[in-house]
Amino acid sequence: MIIRQFAYICNMVAIITGDIIHSAKMKPRQWMGRLKTALGKFGKTPGNWEIYRGDAFQLEVKDAANAAWVAIRLKAMLKATQGLDARMSIGLGEKNFRAKKITQANGSAFVNAGQKFDMLKAEKVNMAVHSGNEKFDDEINLFLKFALVFMDSWTPTSASLVNVFMSNPGKTQSEIAALLHINQSAVSQRKKRAHFDLVEEFDKHFKIRVKEFFA
């Protein structure tokens, strides 16, 4: 039993499947470059991520515990551009078939991500998780619904600040202010409006629960 649990943990990954919201109302040049830049922060294409079927994309997060952080940062990077956002599902599970292209790989993580992605519009949410563990999924998805109340409403300014904080973990508000060439009080106000403290709390909880449920 212990050996099997350890093997499962080693193979457990997260697959983020998503698409650009309202892409049909925009020209590809308005979002394609920004999406490629955002995905490029997390690996190389086509092994780690790939854009397919026009505006759909798939991204592998090798450490499943980091999946929420990656998905939220990806959302922030996109929303830093006015009118741009993504709908994303996070599938947790195994990757048991590897391929040169991530879209040709397979495993329960891929199946879970695909199944949940197909349900997002009906559930009227822009981000959700599916692991196959009902208790874990219900809890995390409830928290995500609360978080999306403010994340879906991020302005480009708020989203940009969130991305700066997420890409510079450990930096103080003073250091962030220096990076952005604004004063510390402005950083503090923008951080509060973006509810970034709640993002950090949710991510911390997500990491803990992944380890508790799947370790």
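Quick notes on this one:
- The alpha carbons of region 37-98 stretch over 38, 25, 18 Å along the principal axes, in descending order.
- Across the chain, Cα-Cα pairs farther apart than 29 Å form 25% of the total.
- Nonlocal amide H pairs with I21, under 5 Å, H built at 1.01 Å: D85, A86, R87
- Here the label points at V111 and T37, each 7 Å from Cα along the C-beta direction, are separated by 3.9 nm in the simple model.
- 20 Å Cα-Cα reach of K101 towards lysines, excluding residues that sit fewer than 8 places from it in its own chain: K36, K41, K44, K62
- Largest first, the three principal axis extents of the alpha carbons in region 1-116 are 52, 24, 24 Å in whole numbers.
- Cα extents of region 48-133 along the three principal axes, largest first (Å): 38, 28, 25
- Most mobile listed residue (I90, I16, I140) in the chain, GNM with C-alpha springs under 10 Å: I140
- Per residue, region 1-121 exposes 50 Å² of solvent-accessible protein surface, assessed with a 1.4 angstrom probe and all protein chains in place.
- For the chain, the carbon plus sulfur part of the accessible surface works out to 53%, probe radius 1.4 Å.
- Label zone at M119, where the point sits 7 Å out along the Cα-to-Cβ direction: region 56-99 residues whose backbone N lies under 15 Å: 88-93
- Between K101 and A24, the simple label model (points 7 Å from Cα in the Cβ direction) yields a spacing of 2.4 nm.
The values are calculated or read from the model by the stated rules, or taken from the named source; none is laboratory data. Only a predicted model underlies this, so the values are computations on that prediction, with no experimental measurement involved. Cβ coordinates were reconstructed from backbone atoms using ideal geometry, including for glycine residues, and neighbour counts include every protein chain displayed. Side chains are part of the model used for accessible areas, which takes the heavy atoms of the whole protein and leaves out ligands, DNA and RNA. Shrake-Rupley method; radii C 1.70, N 1.55, O 1.52, S 1.80 Å.
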